[in-house]
Amino acid sequence: MSLTQYIFWFLSFLALMSSLMVVFTKNAVYSVLSLIITFFAIAGHYLLLNAQFLAAVHIIVYAGAIMVLFLYVIMMLNQNKDAEPNKHPYLMIISVIAGGLLMLTLVGTIKGAELPGSTIVDAQVGTIEKLGQVLFTDFLLPFEVSSILFLAAMVGAVYLSKNKLQS
Amino acid sequence: MDPLLFKAILVVAVFGITLIVALYSTFGERKIAAVMQDRVGPNRAGPFGLLQPLADGIKMFMKQELIPSVSNKWLFIVGPCIAMLTACMTGVVIPWGGSLTFGDQVFELQIADLNIGILYLFGVVSLGVYGIMIGGWASNNKFSLIGAIRASSQMISYEIAMGMAIIALVMSTGTLSLKEIVMQQDAGLANIVYQPLGFLIFLVCAFAETNRAPFDLPECETELIGGYHTEYSSLKLGFYLFAEYINMFISSAVIVSFYFGGYNFPFQHELGLDGNLLTIVQTLVFFGKIFCFVFFFMWVRWTIPRFRYDQLMHLGWKVLLPLALFNIFATGMVMWGMGKL
Amino acid sequence: MLTNRSKQVVKKEMTIMEKAYLPAIFSGMLITFKHIFMKKATVRYPEQVREFAPVYRGQHVLKRDEAGAERCTACGLCAVACPAEAITMVADERKKGEENLYREEKYASTYEINMLRCIFCGLCEEACPKEAIFLTDRIVPSTFERNEFVYGKDKLVEPIDQRVDVTKRQTPAVLEFKKDKKHKHNRTFLDKVLKPSNKH
């Protein structure tokens, strides 16, 4: 195995273990921290795929901003045992069914999917110049539509918080 | 020499220099605070008190280690480690000088010339908040928690304005590599000429990101005792304090690289110095510029009182962010007008 | 109004220059920069000692007279005068053969000042009719134990060979009073020999 492969296996192991930790730890703060580790592992995968820009943005946006806000909120909440909502048996059954359905879908999709043989693509495919060119030519419309989506979300958030202040 | 060996030496050198500079920044901070308040400052340990940081370091080592029994012990230890790690990681992409030539081999004085250097820098800086947040939460102390929460909201708020200021810089330089940015400033003028507003925004945000006065709300003594490091003692406290000084040093280096020509200085090619000598002089000039900014950081700290929290948020969101957006717009318009687009 | 420096505070909208903050910040930074070159106020202590005021009130001394006998007669006026109740003493009678040790027939066998209680007001010195106790310009040294701050006669009485100079505390009025030989305690040993006391 080459060094890249070793790194790949290590990152995959790390990603899987930490994402399992996200689900299984009782403490929400630990969950968030494990999720951050997962993001790092995924960013490492991006780097292996020579997608440096994606890796950096992944770290900045997810680990650097979104997860900080997650952590922020969880730290503000007082996690007492009594604060936990009652776990109704129905709720558990429903969640098991929902989770099972998701798993079925995933398994079905992965089984049905064909893994294309590894083709040698342009080594510069993940660099920022290539990405920018593709984004602003082939994917211009989806790019702009997504930015409008973000704008709408922002306006909505401002509206909601303003509304609360007035009442 | 093996290129890998050279890189290893460079890493150790950068790490060591960073630590020494941070060590002596504490001394400089105390001295500058003293002279600005008509005092003398530390002058007992060694000649002119130059061994004072060493004595402080030894004191930090020798102090009793206290871990609160109600704290989350593992995270309590991880917190300062992350703060220190992220502080040290930023030095990787900074070009410390030109290139050295030994025989027919050329060695760049930059640990890694990433073509996304600015993004790397930005990513590491955005991770710096975890050290403070985790440490503050794990202490299980309300002052620490408030300090941690203040730190996180402050850093996230100012990261946005900082990112916008950098975007304008990237627009005018057309690259994300720090080496390239510095090289461009050798050929042309320093970026401060093109991006004065961007520089101002970046500078203010750098103060906020390093938690330095007047933005040191996460650790403001008068309200929060020690903020996020209230419960810390001994070397772990030292890590937090040290990380702040490393951050200050690195952000000075980044400001110089971005806006003040990095290691370049005027008329450097007219001096008739040969390659290696020029590189050494360049590195010294770079450090001189960095120290000017470190001094500036301290000068500001001992001049301007701390912001109130709502003022901080007002400045970040309602002043700096619109200014940064305007800066992007203006940069775009000027570039369009000059036909660079 | 104590001074004429008070200013009427007006709350008005800030001008654009004031709102920009930067001019104010720069002027502030200029001030701090100027202070770098100003004269430092520090007194570098061990090498350079700050000038004491002539009326400085530091550690007490129990004086001896010219012949080396203790002046204190354990009258207790200092203890009464002391607002901090720091002074305690035990009086004793002078034995035969101790005339060179104690000036009067009565003397203090123990004399203690608790330096932690003492506020160095100098009232003991004012109350003393025998000019026995003076406050000097010496500083009470710090120690680790509380009981070491209770100073007994061993620390308070001046050694014969190392007299403590209290001329600063003896104002002209005091010296004038000392010349009045009507009072017995103002007479030295020599005076007594040359001119035995007569009742008045």
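The values are calculated or read from the model by the stated rules, or taken from the named source; none is laboratory data. All figures in this text were calculated on a predicted structure; none of them were measured in a lab. Heads up, the Cβs are rebuilt from the backbone with ideal geometry, glycines too, and the neighbour counts pull from every protein chain shown.
Do we find that B:PHE27 is free of Cβ contacts under 8 Å to residues at least 40 places away in the same chain, away from every other protein chain (no Cβ under 14 Å) and farther than 30 Å from A:VAL29 by Cα in this structure? It would help to see each step written out before you state the result.
Numbers: free of Cβ contacts under 8 Å to residues at least 40 places away in the same chain: yes; away from every other protein chain (no Cβ under 14 Å): yes; farther than 30 Å from A:VAL29 by Cα: yes.
Yes.
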For this session: Determine whether B:ALA34 is small (Gly, Ala, Ser) and either under 29 Å from B:THR283 (Cα atoms) or at pLDDT below 85 (or both).
Result: no
For this session: Report, by residue number, each residue of the range C:89-105 that is touching a residue at least 24 places away in the same chain (Cβ under 8 Å) and surrounded by 15 or more Cβ atoms within 10 Å (Cβ to Cβ).
Result: C:TYR102, C:ARG103, C:GLU104
For this session: Provide a single number: the residues in the range C:68-82 that are assigned to a loop (DSSP other than H, G, I, E, B) and exposed (fewer than 13 other Cβ atoms within 10 Å of the Cβ).
Result: 0
Exercise. What is the number of the single condition among (1) in contact with a Phe, Trp or Tyr (Cβ under 7 Å, 6 or more places away or on another chain); (2) modelled with pLDDT under 90 that A:ALA51 does not meet?
Worked result: (1)
Exercise. So which pairs qualify, if the first residue must be in the range A:49-77 and more than 7 Å from chain B (Cβ to nearest Cβ), the second must be surrounded by fewer than 20 Cβ atoms within 10 Å (Cβ to Cβ) and not in a helix (DSSP H, G or I), the Cβ gap must be under 6 Å, and the two must be at least 6 apart or on different chains?
Worked result: A:ASN50/A:GLY126; A:ALA51/A:GLY126
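Going through B:ILE156, B:ILE132, B:ILE192, B:ILE160 one at a time, which residue ends up being hydrophobic (A, V, I, L, M, F, W, C), within 19 Å of the chain's Cα centre (by Cα) and farther than 30 Å from A:MET76 by Cα?
B:ILE192
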For this session: Please state which of the following conditions B:PRO95 fails to meet, knowing it meets all the rest: (1) free of Cβ contacts under 8 Å to residues at least 24 places away in the same chain; (2) buried (at least 23 other Cβ atoms within 10 Å of the Cβ); (3) of a type outside the set (A, V, I, L, M); (4) away from every other protein chain (no Cβ under 14 Å).
Result: (1)
Exercise. Got at least one residue in the range C:44-60 being facing chain B (nearest Cβ under 9 Å) and in a loop (DSSP other than H, G, I, E, B)?
Worked result: yes
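Among the residues of the range B:331-339, is there at least one that is buried (at least 19 other Cβ atoms within 10 Å of the Cβ) and farther than 19 Å from B:LYS179 by Cα? Talk me through it step by step, then tell me what you get.
The initial filter retains those residues of the range B:331-339 that are buried (at least 19 other Cβ atoms within 10 Å of the Cβ), namely B:331.
When the remaining residues are screened for being farther than 19 Å from B:LYS179 by Cα, the result is B:331.
The answer is yes, given that some residue of the range B:331-339 is buried (at least 19 other Cβ atoms within 10 Å of the Cβ) and farther than 19 Å from B:LYS179 by Cα.
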Exercise. Which one is nearest to A:ILE60 (Cα to Cα) among residues in the range B:115-168 that are facing another protein chain (nearest Cβ under 7 Å) and either outside any helix (DSSP H, G or I) or touching a Lys or Arg at 6+ places or on another chain (Cβ under 8 Å) (or both)?
Worked result: B:ILE116
Problem set entry | Checking B:ALA208 against (1) more than 13 Å from chain A (Cβ to nearest Cβ); (2) closer than 19 Å to B:HIS314 by Cβ; (3) out of contact with any Phe, Trp or Tyr (no Cβ under 7 Å at 6 or more places or on another chain), the condition it does not meet | (3)
For this session: For B:ASP56, state whether it is in contact with a Lys or Arg (Cβ under 7 Å, 6 or more places away or on another chain) and either more than 10 Å from every other protein chain (Cβ to nearest Cβ) or at pLDDT 85 or above (or both).
Result: no
Problem set entry | Failed item in (1) at positive phi; (2) away from chain C (no Cβ under 14 Å), with B:LEU75 passing the rest | (1)
For this session: Take B:GLY198 and decide whether it is crowded, with 22+ Cβ neighbours inside 10 Å and within 11 Å of another protein chain (Cβ to nearest Cβ).
Result: no
For this session: From A:LEU151, A:LEU101, A:LEU135, grab the single residue that is modelled with pLDDT of 80 or more and within 14 Å of another protein chain (Cβ to nearest Cβ).
Result: A:LEU151
Problem set entry | Failed criterion for B:ASP38 (all others in (1) surrounded by 14 or more Cβ atoms within 10 Å (Cβ to Cβ); (2) more than 20 Å from the chain's Cα centre (by Cα); (3) within 13 Å of another protein chain (Cβ to nearest Cβ) hold) | (1)
Exercise. Does the range A:9-27 hold any residues that are surrounded by fewer than 16 Cβ atoms within 10 Å (Cβ to Cβ) and not basic (Lys, Arg), and which are they?
Worked result: A:TRP9, A:PHE10, A:SER12, A:PHE13, A:LEU16, A:MET17, A:LEU20, A:VAL23, A:PHE24, A:THR25, A:ASN27
Exercise. What residue, of B:GLY123, B:GLY135, is under 28 Å from B:GLY316 (Cβ atoms) and without any contact (Cβ under 8 Å) to a residue 24 or more places away in the chain?
Worked result: B:GLY123
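Results for (1) without any contact (Cβ under 8 Å) to a residue 60 or more places away in the chain; (2) buried (at least 21 other Cβ atoms within 10 Å of the Cβ); (3) within 14 Å of chain C (Cβ to nearest Cβ); (4) assigned to a helix (DSSP H, G or I), shown as yes or no for each residue.
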residue: B:VAL256; (1), (2), (3), (4): yes, yes, no, yes
residue: B:GLY272; (1), (2), (3), (4): yes, no, no, no
residue: B:GLN282; (1), (2), (3), (4): no, yes, no, yes
residue: B:PHE296; (1), (2), (3), (4): yes, no, yes, yes
residue: B:ARG306; (1), (2), (3), (4): no, no, yes, no
For this session: With respect to B:GLU65, determine if the residue is at pLDDT below 85 and either buried (at least 17 other Cβ atoms within 10 Å of the Cβ) or out of contact with any Cys (no Cβ under 8 Å at 6 or more places or on another chain) (or both).
Result: yes
